[in-house]
Each structure stands twice: as C-alpha cells, then as structure tokens.
Amino acid sequence: ESTLGAAAAQSGRYFGVAIASGRLNDSVYTTIANREFNSVTAENEMKIDATEPRRGQFDFTAADRVYNWAVQNGKEVRGHTLAWHSQQPDWMRNLSGGTLRQAMIDHINGVMAHYRGKIVQWDVVNEAFEDGNSGARRDSNLQRTGNDWIEVAFRTARAADPAAKLCYNDYNIENWNWAKTQAVYNMVRDFKQRGVPIDCVGFQSHFNSGSPYDSNFRTTLQSFAALGVDVAITELDVQGASPTTYANVVNDCLAVERCLGITVWGVRDTDSWRSEQTPLLFDGNGNKKAAYTSVLNAL
Ligand code: XIL
C-alpha cells in the first residue's frame with residue numbers, strides 16, 4: 001500500500017491524525033492529511049473550553065469545521081475530550097461540588113447529543129491519574145467532586161450516545177512497570193467487574209527522553225485488552241522521530257488483536273504542540289521523513 005491509512009486498513013485498523021481547524025486552509029497540510037490518514041481527532045476543537053464557552057451555551061463552530069472536513073473526506077472521527085482538568089472554560093474552573101458535577105454531566109450530554117451516532121470513539125475522561133509513584137488520582141476540581149466522577153462520566157456518556165465506544169485516555173501509561181499504568185489498569189478492571197460502561201483505553205504515547213518508549217508497551221496493550229476493552233494509540237509523537245521507535249509502536253499495535261488503530265498528534269513537525277522535538281512523520285515542508293517510511297513498511 002502507498003498510504004498510511006490504506007496500509008492500516010489491510011488489518012482492519014485505521015491510521016489517524018490530529019487536525020487543527022486553523023490549518024484547514026493550508027493546502028499542503030490538507031493534501032497530506034487527506035491522502036495519508038483515514039481517522040481524525042480534533043486537536044483542540046472538541047474540548048470543553050471550545051464547545052461550551054459559557055455555561056449551557058454550546059458552540060460547535062470550530063468542532064464542526066474539523067468534523068465536516070473529516071467526514072466529507074471519508075474519514076472516521078475520534079471525539080476528544082469530554083471530562084478533563086485542563087482546557088476548562090473559566091466558568092467551569094471556578095465551580096466545585098455538586099454544581100460542578102452537574103455541569104460535567106450537562107456538558108457530556110450537550111456535546112454527545114450534537115454528535116450522537118457520528119463519533120466512533122469518545123475520550124470520555126482524559127488524564128485523571130497522577131504522575132509518579134503514587135498511583136493516585138490527580139487532584140483536580142473534578143476529582144474533588146468525589147472519587148466516583150469518572151464512572152458517572154462513563155454512565156452519562158453511554159446513555160447519551162450508545163453507539164460510541166467510550167474510552168479512558170491518558171499519557172505515561174504505556175510502560176507496564178509504571179505505577180500510573182497499574183492504577184489505570186486497576187480502575188478498568190474494577191469498572192469491568194462492576195459493569196461500569198467502558199469500551200476502550202487510549203494510550204496517548206507522547207514519547208520523549210523523560211517518558212521513553214519501552215518494549216513492554218506490547219505487554220501493556222495485551223494486558224488491558226485481556227480485561228475486555230479495546231485499546232488505541234491516540235496521540236503518538238516521538239521526540240526526534242526515531243524510525244525504530246515508530247516501527248516498534250506500529251508492531252505493538254498490530255500484535256494485539258484489540259488494538260483499533262494509531263493516531264499521530266499532528267501532520268508536519270511545524271504543526272506539532274512540541275515542534276522543537278520534530279516528533280512527527282512529515283517535516284515542515286511536508287516531505288516524508290524516515291519515520292514515515294518506517295511506519296509504512298511496518299503496517
Ligand atoms: C494539546 C494540543 O496539542 C495543544 O495545541 C494545546 O495547546 C494543548 O493540548 N494530551 C491531550 C491533548 O490529551 O489534548 C493535548 O493536546 C496534548 C496532551
């Protein structure tokens with residue numbers, strides 16, 4: 001195959017990309033994105049601050065720009081993200097307790113209603129665990145509403161759009177030996193045992209010198225899949241774009257039947273949130289890098 005999306009489709013998977021609405025008028029960008037990828041995640045446009053800038057007033061202008069571009073070009077869409085401590089609008093950052101809990105529920109219902117039946121996977125909850133060795137939940141206004149906020153988010157999401165796969169998404173949960181990975185694993189096992197609706201786990205996979213790729217990533221993916229959830233690589237980028245690391249990630253996903261697909265977090269290095277790390281598959285001129293060829297050959 002000659003594109004990432006078509007190559008991934010040979011095994012029933014997708015190869016996706018994060019799209020920024022502000023770049024959709026850049027024809028170099030859209031040409032690459034349309035040619036190579038068959039799944040789209042909005043980089044920022046479906047987040048809480050973008051979709052509900054004032055409480056109870058939803059704005060899907062930018063989100064729909066990304067969504068419509070994707071669907072008009074035949075791509076599936078991952079929704080990102082409904083409940084998160086970051087990129088909250090000011091009105092939400094200032095809420096707490098029962099009021100915030102209700103605002104979270106209303107937000108999930110409002111966004112999921114707009115896209116009901118149209119989103120393949122939703123990142124319902126993003127980044128709810130602490131880094132380091134504690135294995136604890138991350139402190140946030142949402143966490144302070146009560147430890148059950150995550151399961152409430154998932155139950156709300158299931159009722160709002162029963163067709164969507166509901167994912168928990170996080171970073172630094174790729175290494176099986178890390179406490180954060182084990183903490184998320186224990187949560188998912190508990191949810192499956194108690195019937196809390198969860199369908200998938202997203203591994204952001206922002207690999208860099210502080211959080212390097214480790215070959216036990218495959219064990220992690222296999223272990224989560226064995227709990228009865230799908231897994232996905234949702235925000236892949238690699239500091240320096242090592243072709244070997246990129247190929248290893250592809251091979252890890254392909255080795256796990258329940259690995260749905262891979263999304264890279266941007267098109268060109270210059271589009272990346274970490275552009276100084278030149279972590280992506282295309283350089284700033286839109287040329288394919290060595291990592292691109294490595295990924296294509298691995299798929
Ligand atoms: C990042 C975007 O790429 C940036 O443009 C934005 O300024 C901050 O958020 N984990 C996530 C993503 O789940 O939403 C983040 O995206 C990167 C880390």
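The values are calculated or read from the model by the stated rules, or taken from the named source; none is laboratory data. Owing to the predicted nature of the structure, the values given are computational and were not obtained by experimental measurement. Heads up, the Cβs are rebuilt from the backbone with ideal geometry, glycines too, and the neighbour counts pull from every protein chain shown. The accessibility values were calculated without ligands, DNA or RNA, using every heavy atom of the protein model including side chains. Shrake-Rupley method; radii C 1.70, N 1.55, O 1.52, S 1.80 Å.
In this structure, R158 qualifies as open to solvent by 10 Å² or more (accessible area, probe 1.4 Å) and touching a strand residue (DSSP E or B) at 6+ places or on another chain (Cβ under 8 Å). Criterion first (part of a loop (DSSP other than H, G, I, E, B) and out of contact with any Pro (no Cβ under 9 Å at 6 or more places or on another chain)) does I173 satisfy it? Against the criterion (part of a loop (DSSP other than H, G, I, E, B) and out of contact with any Pro (no Cβ under 9 Å at 6 or more places or on another chain)), I173 qualifies.
Yes or no, residue by residue, for (1) buried (at least 18 other Cβ atoms within 10 Å of the Cβ); (2) part of a loop (DSSP other than H, G, I, E, B):
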residue: R189; (1), (2): no, no
residue: Q193; (1), (2): no, no
residue: V196; (1), (2): yes, yes
residue: E235; (1), (2): yes, no
residue: Y246; (1), (2): yes, no
residue: D252; (1), (2): yes, no
residue: G261; (1), (2): yes, no
residue: G266; (1), (2): yes, yes
residue: T270; (1), (2): no, no
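Looking across the stretch 276-286 at every residue that is open to solvent by 40 Å² or more (accessible area, probe 1.4 Å) and in contact with a strand residue (DSSP E or B) (Cβ under 9 Å, 6 or more places away or on another chain), the one that is nearest to S209 (Cα to Cα) is identified as D283. The lone criterion from (1) hydroxyl-bearing (S, T, Y); (2) more than 13 Å from D123 (Cα to Cα); (3) under 18 Å from the mean Cα position of the chain (by Cα) left unmet by T234 is number (2). Looking at the stretch 198-209 only, could you name the residues that are more than 17 Å from R258 (Cβ to Cβ) and either in a helix (DSSP H, G or I) or within 14 Å of the ligand (Cβ to nearest atom) (or both)? Once the filter is applied, which keeps residues that are more than 17 Å from R258 (Cβ to Cβ) and either in a helix (DSSP H, G or I) or within 14 Å of the ligand (Cβ to nearest atom) (or both), the stretch 198-209 yields Q204, H206, F207, N208. Just so you know, in the stretch 88-114 the residues that are among the polar types (S, T, N, Q) and part of a helix (DSSP H, G or I) include one that is farthest from V152 (Cα to Cα), and it is T99.
Kindly provide the set of residues from the stretch 121-151 that are aliphatic (A, V, I, L, M) and surrounded by fewer than 19 Cβ atoms within 10 Å (Cβ to Cβ), ordered by number. Within the stretch 121-151, A136 is the sole residue that qualifies.
Residues of the stretch 206-221 include none that is charged (D, E, K, R), within 22 Å of V152 (Cβ to Cβ) and either open to solvent by 60 Å² or more (accessible area, probe 1.4 Å) or within 15 Å of the chain's Cα centre (by Cα) (or both). For the stretch 37-62, enumerate the residues that are open to solvent by less than 40 Å² (accessible area, probe 1.4 Å), touching a residue at least 40 places away in the same chain (Cβ under 8 Å) and not in a loop (DSSP other than H, G, I, E, B). Once the filter is applied, which keeps residues that are open to solvent by less than 40 Å² (accessible area, probe 1.4 Å), touching a residue at least 40 places away in the same chain (Cβ under 8 Å) and not in a loop (DSSP other than H, G, I, E, B), the stretch 37-62 yields S39, T41, I48, T51, A62.
Here V201 does not fit the description of being touching a Pro at 6+ places or on another chain (Cβ under 7 Å) and either open to solvent by 10 Å² or more (accessible area, probe 1.4 Å) or free of Cβ contacts under 8 Å to residues at least 60 places away in the same chain (or both).
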